[in-house]
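These notes are about the structure you will find just below.
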Amino acid sequence: MGNRGRNVGLAFHWYLQRITAIILMIGLFVHFYVIHFTIDRPITFEKVQARLLSPGWLIFDSILLIAVIYHALRGFYNVICDYNPRESVKKIVSWCLTVLGIFLIIYGIYILIPFTQVGGV
Amino acid sequence: MILSDVIVVGAGLAGLRAALELNRYNVKVAVVTKVHPVRSQSVAAKGGINAALGNHLRGKYDSAELHAFDTIKGSDYLADQKAVLTMTSQGIDRIYELEHWGTPFSRTEDGRIAQRPFGGADFPRTCYAEDKTGHVLLHTLYEQALKFEAASERAEMKIYDEWFVTRLIVDKGAAKGVVALNINTGDLEIFSGKAVIWATGGSGRVFGRTSNAYISTGWGMCVPFYEGVPLKDMEFIQFHPTELYTNNVLITEGARSEGGFLLNCKNERFLANYEDSVKAMEMAPRDIVARNMQREILAGRGIKGKYLHLDLRHLGKKKILECLPNMRMNAIHFAGVDPIDEPIPVIPGQHYTMGGLDVNIYAESKIKGFFAAGECACVSVHGANRLGGNSLLETVVFGKIAGESAAAYVKEGAIDDTSAAFLNAVLREEDEKISRLLASKHDERHAAINCELGEVMDASAGIFREAQFMNAALKKVKTLKERYTYIGSISPGRIANFDLLWAIQLKGSLDLAEIILQGALNRQESRGAQFRTDFPMRDDKNWLKHTIATLKHGSIHLSYSPVDLSLYKPKKRHY
Amino acid sequence: MEKKKTKQFKIFRFNPKTDKRHYFDTFDVPYEAGMTVLQALNYIQRNLDGSLAYRSSCREGICGSCAMHINGKYCLACETQVIHVKGTVTIRPMAHLDIIKDLVVDMNPFFEKLKAIKPYLIPGDPDEGAERIQTQDERAYLNTLVDCILCGACYASCAVNGFDEDYLGPAALAKVNRFFMDSRDKADEQRLALVSDEHGVFRCHTLFNCQVVCPKNVNPTANIANLKRQIIARSLTVKFSKKGM
């Protein structure tokens, strides 16, 4: 049966997965509404920039970005775990996904930043 | 060969309790059982377990002595009185012990173990957990067994489940172990020890209409009987008043103690019309209620002439759901009737074997190193009629006593002097027996014989018994035994061969049937659960004695032994 | 005499000693209202094919011997009425457990997991004298929790048990909650630690299969959810009432 014992990390990730799910549920709805119903077509760079000039929207989008990436990658990791890989495989996958996640978050925020400077890219 | 100090056969309440006691004394114990422990018949016990705790408002002045008196009166004075007092006085500690081990008893308003009134008892002293008392008790003992099994590093306590015992090994007048068949692999093995505790339960399946599980075939009682342990008082069979008309699933006595009414086709509480149940009504002891129900049906006042109604509707939905949820589900599943809206169709049916392997107050038998406890044993604390709630008490009290006695016997230097050659010869003999049975080309099927046996026992050894019918039945049982010798066309192979197991066990059922009929025929009186229409009175002068059945040269021989009457004088029973 | 109606039974057969592959046998069983699937199996075993292997004991839904897969759902054969089953009755053994013969499966992995979770009361105070006090409300939390009959239907129905053989499974996890919720049990931390690893409560995908099949309405899913909640609450050092369940 192997050793059983407390695994705080597991509980933490499980909990975070639920929290990000709630963020996604609300955040995606807002995101969808704002993009599709509040901005007149066509969507132009200026219109997007105008919105992102307010720090509130910048924070909102960043949080949404982090939530999406965490939730997706953690979900992917859980799927892998369901196939009972060896401990070493799990470790490698876990590291790869962490690196990928951090990279995507940094890259996403890196893309968001230029919008915030008047005059633009 | 599997070696242990003590072999416990059967893992119901009595077997597990004995094993836990042995473990406490640091005696190595192997528990051998033909079904997984929680599948034992004990799990189906419902109403409760008696002890004079005095937790009920009306039970303040209850005591072990009063409990003993009720039990003795209930037994129609055939119980051994000191044994009863032992049970009732030790019972209190056993209940507390079970609670400490985690049994989830129902509770009173001040948080103590809840107690309900039961038939034949002057005070409410039946501790319960809804209507699943046997279930929670057995699971608690199983949990404790797992705890100690996990802690035992060298199999000091180990449960061997799904091992079917085929023989008790007796060498030089002392029990030395058992031969058992691993049901799932088909391997035959010897369990060798210095003592054996027997706890295999009852024998309801000798009858056709019974509340007992399929596994209660009576084989367990017969295995030691074949090796010289006498059977006591086997003619006393309890018929429970309320079993479902459809398939004899038990409707707990708790249903009546919570206030249920028994009604005939005219919707009247007919128990008031009978002298012996006029005061206590539904709360009279089981033998009396069952007999009066049967009289009512025979008089043509049954519903459709066949069954009676147990009406709980006036209790209300809340009480039924709170106190009798399991009973309600059984009525829905097996009779299609929801007791909240409709009365339940019930009839009396076989429920309990008061008799059993003859043991004394220390659970010792005639054979050295052989102990028995629970329904398969007869101390006797139930005499001619058991009170509801006393059987569970008997299992835990005498389970513990059997464990103590066996531990003392082992520690006092019982030596394991049985030679390997002897054991191997026994093993070979058993193996050949099974091979012969499997190879038999005859075409008599066990199912046919079993079915006929059930019918004849229901018809002649039921609530009302009469010499002429029993004589005919005895003849019939003898022809069935003759037919049994031609049993064959058993499915081949040994892996999980249930066909083989049923065929072997049928032999036990047949032999018990003969002992029951012999005993009932000989006892020319009516006492407790035995009612002779040709001898309707109790006869203390001639028959206040135990029936002892032994095997002599292959045939059954009856003798009698005195009853311990040291505490109370026999009186007429009225409730 | 009136001729009885018959029902077709299609039963999974496999004897590891003689068969390379499993197969199905069909039997026609005469039936009437009130006959259960278990009684039909008895009829087949006694009269049609003695080699059919299945477990049975109490025949009243309390011993847990006869859980099997009957027409798409795990249930107790003894509690299933033949007239309630539409069309042919197809019976398979429980999944995720090795087959010993026909409908008899090796329940050892199931019980091993039960053993792994310390399935017994761990009281804080020494037991002396009379019973411990437990209020009716405290006892009421245990009402369905103590009804588990260890039949294994939940275990067989749980998909997670199918791919993770170390997953404790619904029955064992529900048993943890049974003791956790018991006011007399004083081993909360120990119990939660036992189930908070990757083969414990967090492996549960909340599929509700166990809840659907449980013949005693124990609802293991809710029990597992309660354990998860307690673990999270404790790691956040939030005091979370047990009553929450």
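The values are calculated or read from the model by the stated rules, or taken from the named source; none is laboratory data. Because the structure is predicted, anything quoted here is derived from the model rather than measured. In this analysis, Cβ positions are derived from the backbone assuming ideal geometry, glycine residues included, and neighbour counts consider all displayed protein chains. When the accessible area is computed, the model is the full protein with side chains, heavy atoms only, and any ligands, DNA or RNA have been set aside. Shrake-Rupley method; radii C 1.70, N 1.55, O 1.52, S 1.80 Å.
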Q.
Being without any contact (Cβ under 8 Å) to a residue 12 or more places away in the chain, part of a helix (DSSP H, G or I) and within 8 Å of chain B (Cβ to nearest Cβ) is the filter here; which residues of the range C:112-129 pass it?
A. C:115
Q.
Return the residues of the range B:134-148 that are open to solvent by 10 Å² or more (accessible area, probe 1.4 Å) and either more than 9 Å from chain C (Cβ to nearest Cβ) or touching a strand residue (DSSP E or B) at 6+ places or on another chain (Cβ under 6 Å) (or both); say none if nothing qualifies.
A. B:148
Q: Could you give me the residue pairs with C-beta distances under 9 Å whose first residue belongs to the range B:300-311 and is in the same structural domain as residue B:343 (by TED's automatic domain parsing) and touching a residue at least 24 places away in the same chain (Cβ under 8 Å), whose second residue is acidic (Asp, Glu) and surrounded by fewer than 20 Cβ atoms within 10 Å (Cβ to Cβ) wherever it lies, and which are 6+ apart or on separate chains?
A: B:301/B:268; B:309/B:342; B:311/B:342
Q) List, please: which pairs have Cβ atoms under 6 Å, are six or more places apart or on different chains, and start with a residue in the range B:16-36 that is in a strand (DSSP E or B) and end with one that is among the acidic types (Asp, Glu)? A) B:33/B:161
(Q) Restricting to the range C:77-97, give me the number of residues that are in contact (Cβ under 8 Å) with a residue 60 or more places away in the chain, in contact with a Gly (Cβ under 8 Å, 6 or more places away or on another chain) and assigned to a loop (DSSP other than H, G, I, E, B). (A) 3
Q: Could you tell me whether any residue of the range B:533-540 is part of a strand (DSSP E or B) and open to solvent by 30 Å² or more (accessible area, probe 1.4 Å)?
A: yes
Q: Quick one: in the range C:156-168, of everything that is within 12 Å of chain A (Cβ to nearest Cβ) and either outside any loop (DSSP other than H, G, I, E, B) or in contact with a Cys (Cβ under 8 Å, 6 or more places away or on another chain) (or both), which residue is surrounded by the most Cβ atoms within 10 Å (Cβ to Cβ)?
A: C:161
Q: Answer yes or no: is there a residue in the range B:407-424 that is among the charged types (D, E, K, R), farther than 18 Å from residue B:4 by Cβ, in a loop (DSSP other than H, G, I, E, B) and open to solvent by 80 Å² or more (accessible area, probe 1.4 Å).
A: no
Q | The lone exception for residue B:320 - which of (1) open to solvent by 20 Å² or more (accessible area, probe 1.4 Å); (2) farther than 24 Å from residue B:86 by Cβ; (3) touching a Lys or Arg at 6+ places or on another chain (Cβ under 8 Å) it fails | A | (1)
Q) Here are some residues: B:45, B:68. Which one is more than 24 Å from residue C:60 (Cα to Cα) and either touching a residue at least 40 places away in the same chain (Cβ under 8 Å) or crowded, with 24+ Cβ neighbours inside 10 Å (or both)? A) B:68
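Say we look at the range B:188-204 and pick out the residues that are assigned to a loop (DSSP other than H, G, I, E, B) and in contact with a Lys or Arg (Cβ under 8 Å, 6 or more places away or on another chain); which of these is least open to solvent (accessible area, probe 1.4 Å)?
B:193
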Q: Could you list, in sequence order, all residues of the range C:130-146 that are assigned to a helix (DSSP H, G or I), more than 7 Å from chain B (Cβ to nearest Cβ) and surrounded by 14 or more Cβ atoms within 10 Å (Cβ to Cβ)?
A: C:138, C:145
(Q) Give me the residue from the range C:46-70 that is more than 7 Å from chain B (Cβ to nearest Cβ) and over 20 Å from the mean Cα position of the chain (by Cα) and, out of that set, nearest to residue B:42 (Cα to Cα). (A) C:52
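To keep it simple, each residue is scored yes or no on (1) within 22 Å of residue B:259 (Cα to Cα); (2) in contact with a His (Cβ under 9 Å, 6 or more places away or on another chain); (3) in the same structural domain as residue B:261 (by TED's automatic domain parsing).
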site: B:108; (1), (2), (3): yes, yes, no
site: B:138; (1), (2), (3): no, no, no
site: B:162; (1), (2), (3): no, yes, no
site: B:165; (1), (2), (3): no, no, no
site: B:171; (1), (2), (3): no, no, no
site: B:174; (1), (2), (3): no, no, no
